[in-house]
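Report on the structure given below.
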Amino acid sequence: MVTQVDRTRSLGGSGARALRAAGLRGLLHVPLIILAITALFPLALLFVNSVKSDAAIKANAFTLPDGLHWDNFVHAWQTANYGPAFRNSLIVSVASVALVCLLGGLCAYGLARFQMRAVNIILVYLLFSFSLPGLLYLVPLFILWHVLGLIDTLQGIILIYTAQYLPFSIMLLRSYFLGLPRDLEEAARIDGASEFGVFRRIIIPLAWPAFASVGLIVGIWTWNEFVFALTFLPSQDMQTVAVRYTSFSGQYTQDLAASTAAATIMILPAMVLFLLLQKRFIAGMTAGSIRA
Amino acid sequence: MATLPQLDIHAGARPIGAGVARRRSWRRRATPWLYIGPAVLLHVFVIGGPAVFTFFLSLTSWNGFTFGKFIGLANYHQVLGDSTAGAAMLNNIRWTILFLTIPIALGLGSALLISRLRSSGLQMTYRTIFYLPATVSSAVVGRLWQWIYDPFYGINNLLSAWGLNNLALGWLSDPAVALYSVAAADNWRWWGFLMIIFLGALSNVDPVLYEAAQIDGAGRWALFWHVTLPSLRPTLVFVGLLTIIWSFQVIELILIMTQGGPSNASMTLSMWIYQQAIYNYNPGYASAIAVLMSLGCSIFIGGFVYLRFKGWDV
């Protein structure tokens, strides 16, 4: 701001003009603040209601808390049976992220470094797979999983998530690999490193920011996904948090205090992870989507 | 990649070890597939294969007595006369038009405003706030907005307290507004993502272009029309494509909030497919709708790929 004022003055403008420029700049905040309120209001509503008593929510959801009913959270955790659900969600998210990074990383490296006609074909295949609605293959996949005995198993849903998030991850990692300098790889090859040695020793350390982005994005997606989890994990003990939450809040629509508290517990891990690592997350989001 | 031609020369220069060279070149040729193969195989196994199998499923009938009986194109014939599918299609088109305008305008507008802010701290703050709803699971977004729309304890309380009784609509129960209520909830958690994409694209615009235009005496609007918008064109095309495809596949919030109701007012193609497959145990018919829907989406993707290969900068 100071530099702005100085510049206008040195150009021979009056102080009034600088002030007006500053005022105009302040006007930018009006729409931004309105948008910020609309973005935050529903979330604030959820958090505030999660510590209100059920009766208070039903009387009016748009009031401040009648007291801090932290026991809502304990009650929600127990009745929603969140213990096993959190364990399941953690296993599913971590395993999916690991598999996506491993298989996606290898594939992206292959697609970035080898020149074959097949590379273009595979890239088009991956691009087309974006347009495949989940519901196009849900039914045959269900039959296949039934035959293989993978319904109601965590391995089953991990394989599905890995396959679903591979195209996005491969596109993102590939565009990152394409931007890496080749010199180090060539040097390692001259030193006698194998193709895989180059990948492990050179590419992975250089490209870890891209892997971190993929891991974060896929982690949050798998944590939140529920249509496939709902269909492929029918029994309660196997369900992820998103599915537990959906069926719990459906059954207990009468107990709004428990529902709002359960919702808060469900979204906090993903939200905190995003807030802590948002730079990485956003960098990944933009890099992957624009170059696809 | 650079090693491939080198090795060919190498192999040609020493005809004695022809067998070894052939074996080695076979290994060379197999190497890329060791990298690319596992991911592609898994994808084909889980998604590609079943997607193709859906086509065969769409030629069969499953109504309690017939388990997978081949009935030719009868399902497709039925889709053409299915008024619910028609209504769903129309809703998908409404949804597409809504999402091609409002979230893109909000995302681009806020990105332009944010990029004009001087303090990077403020830029970060707005960016974070606007993106925050996108980290919330659809399961929670759906329930949260159901509460907001609830006729007894929801937003209508507030509206009538302010004397705005006319605005206290039956958000999810009135067939005229239900679809738009769900769309509003979806837009709430969607436009922040577009803002992030547009911010990324704006930061890639070459500053030299702006300087050159300013030297030529271009005003603020001229800068926007002649520098910013053309530079954003590839991003806009990509976002438009993404919006069309995702609008035709939309299901999550509808599944949670309305299940397509009241009386199909918020039915979409994906919701109709889900109902047919999961609730009506009619996978054959569901598959026929899914195949038609995917063909529609593929036309857009195909056009995009074709233009790319033609060398268009889209």
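Remarks
- Arranged from fewest to most other beta-carbon atoms within 10 Å of their beta carbon, B:Thr128, B:Thr258 become B:Thr128, B:Thr258.
- Partner chain coverage, peptide B:294-307 - average Cβ within 10 angstrom: 3
- Net charge in the neighbourhood of A:Gly197 (other residues with Cβ under 12 Å of its Cβ; Lys, Arg +1, Asp, Glu -1) is 0.
- FRET efficiency for B:Arg220 and B:Ser120, using Cβ-Cβ distance with R0 set to 25 Å, rounded to 0.05: 0.65
- Alpha carbon centroid spacing (whole Å) that separates segment A:172-209 from segment B:265-298: 44 Å
- Put a plus charge on the Cβ of each Lys and Arg, a minus charge on the Cβ of each Asp and Glu, and nothing anywhere else: the dipole of chain A about its Cα centre is then about 1160 debye.
- Per-residue shielding of B:143-154, expressed as the average number of other chain Cβ atoms within 10 Å of the residue Cβ, stands at 5.
- Shape category assigned to segment B:20-132 from the gyration tensor of Cα positions, a/c cut at 1.5: oblate
- Charge dipole magnitude, Cβ of K and R +1, D and E -1 - the protein assembly as shown, Cα centre, debye nearest 20: 1840 debye
- Shape category assigned to segment A:170-256 from the gyration tensor of Cα positions, a/c cut at 1.5: prolate
- Computed [θ] at 222 nm, helices only, for chain A once each DSSP H run of length n ≥ 4 contributes -39500 (n - 2.57): -25000 deg cm²/dmol
- Only one residue of A:Leu173, A:Gln251, A:Ile160 has its Cα farthest out toward the positive end of the dipole of segment A:152-267, where Lys and Arg carry +1 and Asp and Glu -1 on Cβ, and that residue is A:Leu173.
- The sum of -39500 (n - 2.57) across all DSSP H runs of n ≥ 4, divided by the residue count of chain B, sets its helix-only mean residue ellipticity at 222 nm to -22000 deg cm²/dmol.
- Local net charge near A:Ala229, Cβ-Cβ under 13 Å (Lys/Arg +1, Asp/Glu -1): -2
- Gain upon complete extension [A:Ala55, A:Phe130; 0.36 nm per residue less C-alpha separation]: 22.5 nm
- Listed residue (B:Leu164, B:Val208, B:Ala178) projecting farthest to the positive dipole end of segment B:154-310, Cβ model: B:Val208
- Signed unit charges on C-beta, dipole axis of the protein assembly as shown, positive-most listed residue B:Tyr126, A:Leu230, B:Ile36: B:Ile36
- Using a Förster distance of 30 Å, the FRET efficiency for A:Arg182-B:Val237 (Cβ separation, nearest 0.05): 0.45
- Separation of alpha-carbon centers, segment B:34-51 and segment B:94-153, rounded to whole Å: 35 Å
- Proximal charge balance of A:Ile267 [Cβ under 12 Å; K/R count +1, D/E count -1]: +2
- For B:Thr60, residues with placed amide H under 5 Å, excluding near neighbours: B:Ile71
- Counting Cβ atoms of other protein chains within 10 Å of each Cβ in B:50-61 and taking the mean gives 4.
- Three-way shape call for chain A based on the alpha-carbon gyration tensor, with the a/c threshold at 1.5: oblate
- Exposed loop sites here are trypsin sites (Lys or Arg not before Pro) assigned a DSSP state other than H, G, I, E or B and surrounded by at most 14 other beta carbons within 10 Å; excluding them, the longest clear run of chain B is B:119-309.
- Euclidean distance of C-alpha centroids, segment A:79-106 and segment B:163-237, integer Å: 34 Å
- Total charge dipole magnitude, chain B, about the Cα centre, Cβ charges on Lys, Arg, Asp, Glu only, Debye to nearest 20: 1380 debye
- Using a Förster distance of 22 Å, the FRET efficiency for B:Arg27-A:Arg117 (Cβ separation, nearest 0.05): 0.70
Readers should treat all values here as calculations from the given coordinates under stated rules, not as data from a laboratory. Since this is a predicted model, take the numbers as computed values, not measurements. A quick note on method: Cβ atoms are made from the backbone with ideal geometry, for glycine too, and the neighbour counts reach across all protein chains shown.
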